[in-house]
1. Check whether at least one residue in region B:212-227 is in a helix (DSSP H, G or I), within 20 Å of B:V131 (Cα to Cα) and free of Cβ contacts under 8 Å to residues at least 24 places away in the same chain, and report yes or no.
2. Out of all the residues in region A:288-326, which are among the hydroxyl-bearing types (S, T, Y) and surrounded by 22 or more Cβ atoms within 10 Å (Cβ to Cβ)?
3. Does A:T50 count as surrounded by fewer than 24 Cβ atoms within 10 Å (Cβ to Cβ), within 10 Å of another protein chain (Cβ to nearest Cβ) and farther than 30 Å from B:E312 by Cβ?
4. Of these, B:V172, B:V116, B:V107, which one is assigned by TED's automatic domain parsing to the domain that holds B:R90, buried (at least 22 other Cβ atoms within 10 Å of the Cβ) and either over 20 Å from B:I69 (Cα atoms) or within 16 Å of the chain's Cα centre (by Cα) (or both)?
5. Just a yes or no: is a residue in region B:142-155 under 24 Å from B:L216 (Cα atoms) and open to solvent by less than 70 Å² (accessible area, probe 1.4 Å)?
6. Would you confirm, using the coordinates I've provided, whether B:E123 is assigned by TED's automatic domain parsing to the domain that holds B:M213, open to solvent by 40 Å² or more (accessible area, probe 1.4 Å) and assigned to a helix (DSSP H, G or I)?
7. Does region A:226-237 hold any residues that are open to solvent by less than 20 Å² (accessible area, probe 1.4 Å) and of a type outside the set (S, T, N, Q), and which are they?
8. For region B:335-346, does any single residue satisfy the condition of being among the aromatic types (F, W, Y), open to solvent by less than 70 Å² (accessible area, probe 1.4 Å), touching a strand residue (DSSP E or B) at 6+ places or on another chain (Cβ under 8 Å) and outside the structural domain of B:S139 (by TED's automatic domain parsing)?
Protein chains: 2
Amino acid sequence: MKKKLFSPGPTPVPEGVLLAMAKPLFHHRDPVFEELFQEVREDLKYVFQTKQDVLVLASSGTGAMEAAIVNTLRKGDTVLVIRGGKFGERWGEICEAYGVDIIPIDVEWGQAVDPVLVERSLETYPEIRAVLVQACETSTGVLHPIKELCEVVKKRDDVIIIVDAISALGAVDLPMDLWGIDVMVAGSQKALMLPPGLAFIALSEKAWGFCEMSDLPKYYFDLKAELKNQRKNQTHFTPAISLIVGLREALRMIKEEGLQNVFRRHEVLARAMQEGVKALGLEIFSNPPSPTLTAIKLPPEIDGQKLKRNLEDHYGLITAGGQEHLKGKIIRIAHMGYFEPSDILQVMAALELELSKMGYPVEFGKGVSSAQRVFKEAGL
Amino acid sequence: MKKKLFSPGPTPVPEGVLLAMAKPLFHHRDPVFEELFQEVREDLKYVFQTKQDVLVLASSGTGAMEAAIVNTLRKGDTVLVIRGGKFGERWGEICEAYGVDIIPIDVEWGQAVDPVLVERSLETYPEIRAVLVQACETSTGVLHPIKELCEVVKKRDDVIIIVDAISALGAVDLPMDLWGIDVMVAGSQKALMLPPGLAFIALSEKAWGFCEMSDLPKYYFDLKAELKNQRKNQTHFTPAISLIVGLREALRMIKEEGLQNVFRRHEVLARAMQEGVKALGLEIFSNPPSPTLTAIKLPPEIDGQKLKRNLEDHYGLITAGGQEHLKGKIIRIAHMGYFEPSDILQVMAALELELSKMGYPVEFGKGVSSAQRVFKEAGL
């Protein structure tokens, strides 16, 4: 059976990207690499919407999360961590590993953080040096209010905001420079339409200033050393050449479509998905939902793990379940990167069919037709 | 012009490996991945010649070097670092970044370390907890006496030997368990015939014991967390799936040829290369030379940088020059991984031709014929 990825990472990789990566390898000290890397570096700035250098690391996204912390902070620093899911928790875990103290804001899973709470914490704890948050919390499908959080943080010269945009960048409008995001982290295997293995990170002037004071140990993830090399279109250590070759193709696709069109496409795909889900009498779990994935709250009689397994076994569709206390209670369907309306129609129709088979009352076509209407109105 | 990699990383990737990696992606929580990872983990044990788990990391080889240090050592520990080239220096740099004190043994570039010096240092400085060395020092092409060093270290319960086998593993016989190598590190883009982006590390029981005492900070490179996950055929963080798909193919090729045959092939390729070089009246720079690359000392009238450039411009052959004080003075020709006799004949013939064009007296065919004789005698 054909398998189709609707998982929030890895996501489908365009055929042209796969084939580009299958070409014979070249050397990373070759002018061919430097030219490639220069193009990729420029296009990453376009996707990050920044004038700053976007650094490319050979690691998973978590590596870049660690890089964000160990390069900007000092031992014993205090940071505010927005914890509303597994990846919020990860920020806290990395900090703890490096001796950075955390003040958590624990948000109910499925909800976004209230910027007022962040502002209040910054007032109560003047020692806070950074606010750590996800743009999209992948485990719950929630989009946090990054713009509003940036406005809160921007008022303070001694605080930076560090945003994990791993499952948002390239799908959600996150204008780094305009909003004042100080550190933004991304990964290859999400909306950037590549296999996993590359991570990206960019820092504002303010964040680079923090790097000057940082005393946490780092070597592989030393961003100052990377910056020095990458400005020469080289990397500090051997780059993951084939993935960077693929990245060029993926970024070319994004540029050709145009970033604003990419955002709009994701917004329409998500809306179609959401309307379909609601038409089936189901609730969206996330408030507000990210345009990159739809987390659906399941009725008590439907076992989410079984639903996920059946979608895979019967139709080849790979979705994701809930994690930890959400296990079995939600299903997460991603639509970031290489996705188009027909993918949504496919997964919605399969979802209707499977829910019906599992005993949930479904009027066939009701979810699909709601999605269709969204696409028709949007002119897609 | 067709480009052919004779660089000591990246090395040529077999066509079958490239094509395997070009297949559509699957999810790393899929049983398909677990099956793949199980096979790969078994085959890595075969290549590492160990019963221990070989951990797969999404990073360049340097990431695994860092992992070796931050997982086994404590802040303020003292280690002995064999520095006879750029990668020996890298061991020292990582230690310094993490507050580990180093006692260097500075070996002349091009020479191997004398195990007696190591033994003497261990006697003089009983605080030494680890000996850090390269199996093959890529920058000089030297093979260090790992077996003998292991014998020195093995006598002490409180010392481990950490071996960077990045440009040796899969080409040179390094029986980890038999010799008593405590930590062995490797990378994907060398004799393992893959693009860069994966690193590997295995630890002896003794080294795992050191991990229990280690207090250096780590998160992305936390080997205990990796071990726990990889024993379930998963990874702690998103794995570089496509590279692991390629790895399976590459390891299957190694297994099919048989590890001892692979070692013998490399030994014969290296001998042919060395005989050819000597027949041209040139000296091998490395003592003893690694079977994975041949570093040639150039006569004063030949500019190594120009020679490297000409080999590339005229024949598409990508070699490597000397680094730091060796710039222009040596040329390094790698033959690890996907190499066979015809590759050696090709590069030797081009070397003759180019040296002659550059004014060095060459009797055409003299190097080639010496290499041919080696192959004939070896039955290759």
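The values are calculated or read from the model by the stated rules, or taken from the named source; none is laboratory data. What you see is a predicted model, and the numbers here were worked out from it, not measured in a lab. Cβ atoms come from the backbone with ideal geometry, glycine included; neighbour counts cover every protein chain shown. Please note that ligands, DNA and RNA were not included when accessible areas were found on the heavy atoms of the full protein model with its side chains. Shrake-Rupley method; radii C 1.70, N 1.55, O 1.52, S 1.80 Å.
1. Scanning region B:212-227, I find at least one residue that is in a helix (DSSP H, G or I), within 20 Å of B:V131 (Cα to Cα) and free of Cβ contacts under 8 Å to residues at least 24 places away in the same chain, so the answer is yes.
2. Result: A:S290, A:T292, A:T294, A:T319.
3. no
4. Only one candidate qualifies: B:V172.
5. Within region B:142-155, one or more residues are under 24 Å from B:L216 (Cα atoms) and open to solvent by less than 70 Å² (accessible area, probe 1.4 Å).
6. Judged against the criteria, B:E123 is a match.
7. A:E226, A:F237
8. No, the conditions are met nowhere in region B:335-346.
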